[in-house]
Amino acid sequence: MNNKHELIYEGKAKKIFSHDDESKVIIEFKDDATAFNALKKAKFEGKGKLNCLISSKIFEYLINKNIPTHFLELRNENTMIAKKINIIPLEIVLRNIAYGSLCKQTNIKPGIVLEKPLIDIYLKNDELNDPLITKDRIELMNLLSLKDLDYIIDLTLKINFILKRFFKNIKLELVDFKLEFGYDSKNNILLGDEISPDNCRLWDLNQKNDTIVSLDKDRFRNDLGGLIEAYSEINRRINEFI
Ligand code: TMP
């Protein structure tokens, strides 16, 4: 990145730089991986590139299905150009199958297919450890109007409907995922952040028996190994399909 592009923000997996056009930003995907609010850290050479390529393809697919997103174009293998948005400090998690924190915090068994998608909303605040939050608390904190919150929830359900089918086509089960949304300068709500194996659980459907084979960041979270191989396989299947 040349120095006329100022670093605006650095997160755990991405850096955001200014763009000559003030309404845009440049997003650079890093090779760093974190889990459990960065208690666990590692670097995987090539992860940034894979997540950038996978996210770009998925954003393009969603845009074609009329989902408003911040994505504009791929700049190179590990950077994309996106519309500048003000991120709403909420992490919207949608679950199709019980796994991860849902099973740690309840007595629901891992692997149970949920009757309808479950939406869990977390406050995006590392110092507070991203706590699970309620609609009433969101209203109390004045984070956004309930009308906008309902719009985001509705959009998340639509995205799930589209992506579940998309991944099924490439023999992947979309177990759960996390989305972030933001406002552009005209106050439109856009899907932001990334959609990659870092923030989606994806299980391989090419298995003969019921064994769970995770092709996502659980490979790092649960010390399974083979993270780059898994992400490369997802990228390969997406490119074969699109
Ligand atoms: P969880 O089961 O740990 O709550 O995760 C649910 C989904 O959200 C899973 O696909 C991973 C994703 N996720 C993130 O993208 N960022 C996070 O900080 C957390 C906790 C989960």
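The values are calculated or read from the model by the stated rules, or taken from the named source; none is laboratory data. Everything numeric in this text was worked out from a predicted model, so none of it was measured. Methodologically, a virtual Cβ is constructed for each residue, glycine included, from the backbone with ideal geometry; neighbour enumeration extends over all protein chains shown. The area values use the complete protein model at the heavy-atom level, side chains included, leaving out ligands, DNA and RNA. Shrake-Rupley method; radii C 1.70, N 1.55, O 1.52, S 1.80 Å.
Can you list residue pairs whose Cβ atoms sit under 6 Å apart, with the first residue in segment 220-238 being under 10 Å from P197 (Cβ atoms) and the second being in a helix (DSSP H, G or I) and open to solvent by 40 Å² or more (accessible area, probe 1.4 Å)? Count only pairs 6 or more apart in sequence or on different chains. Partner pairs satisfying both residue conditions: L227/R219; A230/R219. Residues in segment 163-187 that are out of contact with any Ser or Thr (no Cβ under 7 Å at 6 or more places or on another chain), more than 16 Å from the ligand (Cβ to nearest atom) and either part of a helix (DSSP H, G or I) or open to solvent by 50 Å² or more (accessible area, probe 1.4 Å) (or both): R165, K168, N169, K171, K186, N187.
Filtering segment 91-107 to residues that are out of contact with any helix residue (DSSP H, G or I) (no Cβ under 7 Å at 6 or more places or on another chain) and either open to solvent by less than 70 Å² (accessible area, probe 1.4 Å) or at positive phi (or both) leaves E91, V93, I97, A98, Y99, G100, S101, L102, C103, T106. Got at least one residue in segment 62-70 being free of Cβ contacts under 8 Å to residues at least 12 places away in the same chain, under 24 Å from R219 (Cβ atoms) and touching a strand residue (DSSP E or B) at 6+ places or on another chain (Cβ under 7 Å)? No: zero hits. Considering segment 200-223 alone, what residues qualify as being open to solvent by 20 Å² or more (accessible area, probe 1.4 Å), outside any helix (DSSP H, G or I) and near the ligand (Cβ under 10 Å from one of its atoms)? Matches in segment 200-223: R201, K217. Being at pLDDT below 95 and either within 16 Å of the ligand (Cβ to nearest atom) or out of contact with any helix residue (DSSP H, G or I) (no Cβ under 9 Å at 6 or more places or on another chain) (or both) holds for only one residue in N64, N86, N2, and it is N2.
Beta carbons closer than 8 Å, at least 6 apart along the sequence or on distinct chains, pair a first residue in segment 18-36 that is more than 17 Å from S56 (Cβ to Cβ) with a second that is open to solvent by less than 60 Å² (accessible area, probe 1.4 Å) and of a type in the set (A, V, I, L, M) for S18/V25; S18/I26; D32/A13; D32/A42; A33/A13; A33/A42; A33/L227; T34/A13. Checking every residue in segment 108-118 against the condition of being open to solvent by less than 30 Å² (accessible area, probe 1.4 Å), touching a residue at least 24 places away in the same chain (Cβ under 8 Å) and either more than 10 Å from the ligand (Cβ to nearest atom) or outside any strand (DSSP E or B) (or both) gives zero matches.
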